[in-house]
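J.: The structure follows.
The values are calculated or read from the model by the stated rules, or taken from the named source; none is laboratory data. Here the structure is a predicted model, which means the values were calculated and not measured. We place every Cβ from the backbone using ideal geometry, glycine too, and count neighbours over all the protein chains shown.
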Amino acid sequence: MLKTTKLSLNIVLPLLLVLWCIIAQAATQQEKTPDPFEQNRLLARGVNLGNALEARKEGQMGVVLEDKYFELIKNAGFNSVRIPVRWSAHALPEYPYTIEPAFFDRVDWAVKNTLDRNLRVVLNMHHYRELEENPEKHSKRFLELWQQIAEHYKNYPDSLLLEFLNEPCRKLDAEKWNLLAKQTLNLVRQSNPNRTIVIGPGNWNNLAYLDRLQLPEDDRNIIVTCHYYSPFNFTHQGASWVDADSDQWLGTTWTGTEEQKQDVIKDFDTIDAWAKKNNRPIYIGEFGAYSKADMPSRALWTDFVARQAEERNFNWAYWEFCAGFGIYDRKKNDWNHPLLNALIPPK
Ligand code: BGC
């Protein structure tokens, strides 16, 4: 009798201990998983440090990041910074696709400068053109790059968010993107179980593609991003990189007519309806109007779009800091005040 009790204790006690460990671990994990709506709220008002680290070589798109930019952004009242990064241009083309350590150092420097100022960071993968052109060939490399990035940042605080891919497009269509995003999430979750992840719909993060975006129901720690550049013939007039003849749009204004406002409202209501139905927080990770448009129109549009986003609890990042859409003029060493005031209205 005594022997049987001892035997069963020998089995039951370790089993209980294992069970307790599993429960405790699950509880801590749950405790540490941030609320994505709160994470999104904290992004609040942000700006993209565009045309810098997403160039093939920093500087080739006109911007080399400087220490003072982070200070300027903080002091102007922004809460977050989105850092676009072209990882694909700084990694071995063949397996094991190693990311250059010096490039990691440079990105780390930008991330640290942002976090040190108590600004939150959305770090993305930007301009992986070869993947957009040939998803079959490049998906494996994309995943291996994420494996390295996720491992590298796994111990960073919650204030670092990772965005899988800027504007999936071309041959990486909505269905292929759904699959690849899911694979990336499974992979990144192994090292970053509590990291808030940013994912947007296909066709250049277009709101019209939200309905085709499939996210795993059981992973709630995701913020959904859309980019907003409507009306395109206004925001991209004279933009040499778009497929259309954008010079014919030069002179297009945005004066905030009732019709123009309603168009924006309708778009934002569409996003909002999707967000409510799917219970996901929304981040407008890019919006902006190119400098070939007139400044009064740019300021009016920027103000209207930012306020529409805020009314619906979407948080945002303006495209971008100091290049063609810039809110900061590097030559004058001064803000483009109408744009800055439109983003962060003076109290
Ligand atoms: C692209 C930029 C472009 C901007 C507006 C961004 O996602 O990376 O190159 O200037 O969209 O078109």
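J.: Can you tell which of Val198, Val224 is within 16 Å of the ligand (Cβ to nearest atom), touching a strand residue (DSSP E or B) at 6+ places or on another chain (Cβ under 6 Å), in a strand (DSSP E or B) and aliphatic (A, V, I, L, M)?
T.: Details: Val224 fails: within 16 Å of the ligand (Cβ to nearest atom).
Val198 is the lone residue from the list that is within 16 Å of the ligand (Cβ to nearest atom), touching a strand residue (DSSP E or B) at 6+ places or on another chain (Cβ under 6 Å), in a strand (DSSP E or B) and aliphatic (A, V, I, L, M).
J.: Okay, next question. For the range 116-166, which residues satisfy the criterion of being of a type in the set (S, T, N, Q) and away from the ligand (no atom under 15 Å from the Cβ)?
T.: So the first thing to find is which residues in the range 116-166 are of a type in the set (S, T, N, Q), and the list is 118, 124, 134, 139, 147-148, 155, 159, 166.
Within the range 116-166, Asn118, Asn134, Ser139, Gln147, Gln148, Asn155, Ser159 meet the criteria.
J.: I would also like to ask the following. Among the residues in the range 266-276, are any within 16 Å of the ligand (Cβ to nearest atom), in contact with a strand residue (DSSP E or B) (Cβ under 8 Å, 6 or more places away or on another chain) and modelled with pLDDT of 95 or more?
T.: Here is the first cut: in the range 266-276, the ones within 16 Å of the ligand (Cβ to nearest atom) are none.
Within the range 266-276 (the criterion being within 16 Å of the ligand (Cβ to nearest atom), in contact with a strand residue (DSSP E or B) (Cβ under 8 Å, 6 or more places away or on another chain) and modelled with pLDDT of 95 or more), the answer is no, since none of the residues qualifies.
J.: Which pairs do you get when a residue that is surrounded by 17 or more Cβ atoms within 10 Å (Cβ to Cβ), found in the range 49-74, comes within reach of a residue that is among the polar types (S, T, N, Q), reach meaning Cβ atoms under 7 angstrom, with the pair 6+ apart or on two chains?
T.: As it stands, the answer is Met61/Asn51; Val63/Asn51; Phe70/Asn113; Phe70/Thr114, since those pairs meet every condition given.
J.: If you don't mind, there's one more thing I want to ask. Does the range 295-307 contain at least one residue that is in the same structural domain as Ser240 (by TED's automatic domain parsing), farther than 18 Å from Ile265 by Cα and not hydrophobic (A, V, I, L, M, F, W, C)?
T.: Residues of the range 295-307 in the same structural domain as Ser240 (by TED's automatic domain parsing): 295-307.
Those left that are additionally farther than 18 Å from Ile265 by Cα: 295-296.
Those left that are additionally not hydrophobic (A, V, I, L, M, F, W, C): 296.
Yes - at least one qualifying residue is present in the range 295-307.
J.: Could you please find all residues in the range 271-286 being part of a helix (DSSP H, G or I) and closer than 13 Å to Leu213 by Cβ?
T.: Going residue by residue through the range 271-286, those that are part of a helix (DSSP H, G or I) are 271-278.
Scanning the range 271-286 gives Ile271, Trp274, Ala275, Lys277, Asn278.
J.: Going through the range 293-347 one residue at a time, which ones are in a loop (DSSP other than H, G, I, E, B), surrounded by 20 or more Cβ atoms within 10 Å (Cβ to Cβ) and within 16 Å of the ligand (Cβ to nearest atom)? It would help to see each step written out before you state the result.
T.: Just the residues of the range 293-347 that are in a loop (DSSP other than H, G, I, E, B), to begin with: 293-294, 312-314, 319-327, 330-333, 336, 344-347.
Retained after the next criterion (residues that are surrounded by 20 or more Cβ atoms within 10 Å (Cβ to Cβ)): 293, 314, 319-322, 325-327.
Of everything in the range 293-347, those that are in a loop (DSSP other than H, G, I, E, B), surrounded by 20 or more Cβ atoms within 10 Å (Cβ to Cβ) and within 16 Å of the ligand (Cβ to nearest atom) turn out to be Ala293, Trp319, Glu320, Phe321, Cys322, Phe325, Gly326, Ile327.
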